[in-house]
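What follows is calculated from the coordinates using simple rules that are stated; it is not laboratory data. As the structure is a prediction and not an experimental result, all values here were calculated from the model. Quick reminder, even Gly has a Cβ in these numbers, built from the backbone with ideal geometry, and neighbours come from all protein chains shown.
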């Protein structure tokens, strides 16, 4: 049974571990500094499909398949699959899971989805309802640009605050026992909206949500940031990271020595011309399920607080002049 | 701790109850046969807002507010809020929950969302992570028509198999103890796709998913359909219901004497010109959180198997010639 430590945080007792994990990336991800940590990379962002949406489905499906292979068990050993993505009606996830014969819960947390799915997966293990749960998410540069901004062929100019949506997917398989990185705490965020309306400046919109969740985590667990080797947000990018560090400092939590952001890790910002960094569900998902978990398994990192953030806007809400509600979910991982 | 009975079904042990519930409807819902079971009805489908999307947000927010009032506790007594809806990026839910200060998990299960949110809420109680969880969803005729089909002003002809998206929301508050209808079992569906491509015939697309989940429920619990006073699907409508009865009969489960569909209960199909019946997340949500739970509390119904279904298509997937993956989640309720 999980133990509630405060408004946002529960400590897990059942010993949930990430028993296997895999990540998949496209061309740009294969040219970035983390390329050797991907399980599968392709220079063909279509993944052999006729539409970008079908390409993203295949990318997500592949991440689940590779994680199952590394786990060494059939998909029928999964009690639940938790999945979500950025596309309207989450079609990447629904179509990827079609025919999989695993009881399915669809999620929507925008780019926080890897945190949401890990949190719920861990709590499902805790409930006794499951012995193994898959958590998967994806994004694709071409589906996201078309849906959120303009079709690629339009050739729109990117603003300096823009980030680059990752073409990537990541899957974790959580199990009740066995080897793997332990999930020890789940800190669930509220929706935070500080009035940012610029859909090309997601980092600024999401930073207050990340600050809210992280400050709650440290307060409720009684831990200092230095407890962790790394506190890593999902895709705040350069500007969002700066805002996060300021906001948390105001609340007495100094993350400066211990923080990084998956959006800053995935690409070489200068050489790869991605402005403020990477974004998209697939960014945090692939960095976690490749680089970060590998670093933990190799003992380079022993304690990581993983906190992806999501901007819960839609093109319709932006067109109606609305600001951008955001959310962040943190999951504490230990070797 | 929950006890797993089979691939899809777990039995709950912690005594989760629906401690409070509320539903909200618009003009057409207020003219239908269930009008006296709504907590709030308005003849103004704008809910006083300037856009249909903001109207739906207000509708959902109101359902949560009314459920909390009937519960008699502040929202700070909720450990989690689980919410989802049909709109792109689930903006009805995210914007409705903005500023609510309750840890939030966004869901996407299309019209199965009330079943998904109840299932996860019950399992979160079971995990020990929560003492009280809100589960809420909504739909709005005008937002759904614009997004999935054509803007209202276009005046498109409706096909005979079409259903009418409910302008409604429903909220359940699940708590670990106290009075209320008990949640005893959760049967989680897989994604089922039998190749239906007609986006105006959702009932036919969703019926196989409902059949799959319901047959699994009866097989795994060892129960007969007659155990229940009512087995109620979400929004299969008239055609979908007929297909469901045939499909389950083929699998040796005869639902004919015990089945109804929220899509057939919400409106008077003939007098209200809704063709095959009602649909939308708000259909099952409002029928459950009004009529059905009231009937249970009054002792008219003692055992109900609630099984809403979702069609996981998007306009983009339909335009790309894809068929319609569907899902159904069942929750067993007892007085």
- Inter-chain shielding metric for B:1-13, i.e. average beta-carbon neighbours from other chains within 10 angstrom, reads 3
- Order by neighbour count: B:249, B:176, fewest other Cβ atoms within 10 Å first, most last. B:249, B:176
- What residues from segment A:100-115 fall in the zone where the backbone N is under 16 Å from a label point 7 Å along the Cα-to-C-beta line of residue B:251? A:100-104
- Task: Quote the Stokes-Einstein diffusion coefficient, in whole µm² s⁻¹, for segment A:94-186, based on the Kirkwood radius over alpha carbon pairs, a temperature of 20 °C and a viscosity of 1.002 mPa s.
- Result: 138
- Message: Considering only C-alpha atoms, what is the centroid distance from segment B:188-239 to segment A:264-284, in Å?
- Response: 43
- Task: Quick one: grab the alpha carbon gyration tensor of segment A:166-213, order the square roots of its eigenvalues as a ≥ b ≥ c, and give me rounded if a/c is under 1.5, else prolate or oblate depending on whether a/b is larger than b/c.
- Result: oblate
- Query: Using alpha carbon centroids, what distance separates segment A:80-140 and segment A:1-63, in Å?
  - Reply: 11
- Message: Pick from B:217, B:21, B:259 the residue whose mean-square fluctuation is largest in a GNM of chain B, springs joining Cα atoms under 10 Å.
- Response: B:259
- Task: Quick one: grab the alpha carbon gyration tensor of segment B:144-193, order the square roots of its eigenvalues as a ≥ b ≥ c, and give me rounded if a/c is under 1.5, else prolate or oblate depending on whether a/b is larger than b/c.
- Result: prolate
- Could you check what % of the DSSP bridge pairs in chain A are antiparallel, to the nearest 5? 65
- Using a/c under 1.5 as the rounded threshold, could you call segment A:164-302 rounded, prolate or oblate? The axes a ≥ b ≥ c are square roots of the C-alpha gyration tensor eigenvalues, and prolate needs a/b larger than b/c, oblate otherwise. oblate
- Relative contact order (percent, whole number), segment B:1-155, Cα cutoff 8 Å, 6+ residue spacing: 23
- Message: If you take each beta carbon of peptide B:309-316 and count the beta carbons of other chains within 10 angstrom, what is the mean?
- Response: 5
- Item | Neighbour-count order for B:131, B:44, fewest beta carbons within 10 angstrom listed first | B:44, B:131
- Message: Below 8 Å, C-alpha to C-alpha, sequence gap of six or more: please give me the relative contact order for segment A:47-116 in percent.
- Response: 31
- Query: Roughly how crowded by other chains is peptide A:81-90, in terms of the mean Cβ count from those chains within 10 Å of each of its Cβ atoms?
  - Reply: 6
- Message: Please report the antiparallel percentage of DSSP beta bridges with both residues in the protein assembly as shown, rounded to the nearest 5.
- Response: 65
- Task: Along Cα→Cβ, 7 Å out, is where each label goes; now give me the distance between the ones at residue B:302 and residue A:318 in nm to one decimal.
- Result: 5.6
- Query: What number, in percent, do you get for the relative contact order of chain A if the mean sequence gap of Cα pairs under 8 Å and at least 6 apart is divided by its residue count?
  - Reply: 25
- Message: Using a 10 Å cut-off around each Cβ, can you sort A:100, B:314 from fewest to most neighbouring Cβ atoms?
- Response: A:100, B:314
- Message: Nearest 500 deg cm²/dmol is fine: what mean residue ellipticity at 222 nm does the protein assembly as shown get from its DSSP H runs of n ≥ 4 alone, each adding -39,500 (n - 2.57), divided by its residue count?
- Response: -9500 deg cm²/dmol
